[in-house]
Amino acid sequence: MSHRCHAVELKRFPVLRRRMEEVIGKFLREGLKPAETMIGHIIEME
């Protein structure tokens, strides 16, 4: 997912690009469970 958001200029900085992918991936993984829980609660309220 984060690959599609990268600017073309990041190709010049492969180390920065890899690190950004790691950080973005970690951020998305950490938010997955809370998001699933919140969605579950919203569905239960319906």
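Give all pairs with beta carbons closer than 8 Å in which a residue from the range 7-29 that is among the aromatic types (Phe, Trp, Tyr) meets a residue that is part of a helix (DSSP H, G or I) and modelled with pLDDT under 90; count only pairs at least 6 apart in sequence or on separate chains.
none
Look through the range 5-46, keep the residues that are outside any helix (DSSP H, G or I) and among the hydrophobic types (A, V, I, L, M, F, W, C), and return whichever of them is surrounded by the most Cβ atoms within 10 Å (Cβ to Cβ).
Looking at the filtered set, the residue picked out is Phe13.
The values are calculated or read from the model by the stated rules, or taken from the named source; none is laboratory data. Source: prediction; values computed, not measured. Positions of Cβ are generated from backbone atoms using ideal geometry, with glycine treated the same way; all protein chains shown enter the neighbour counts.
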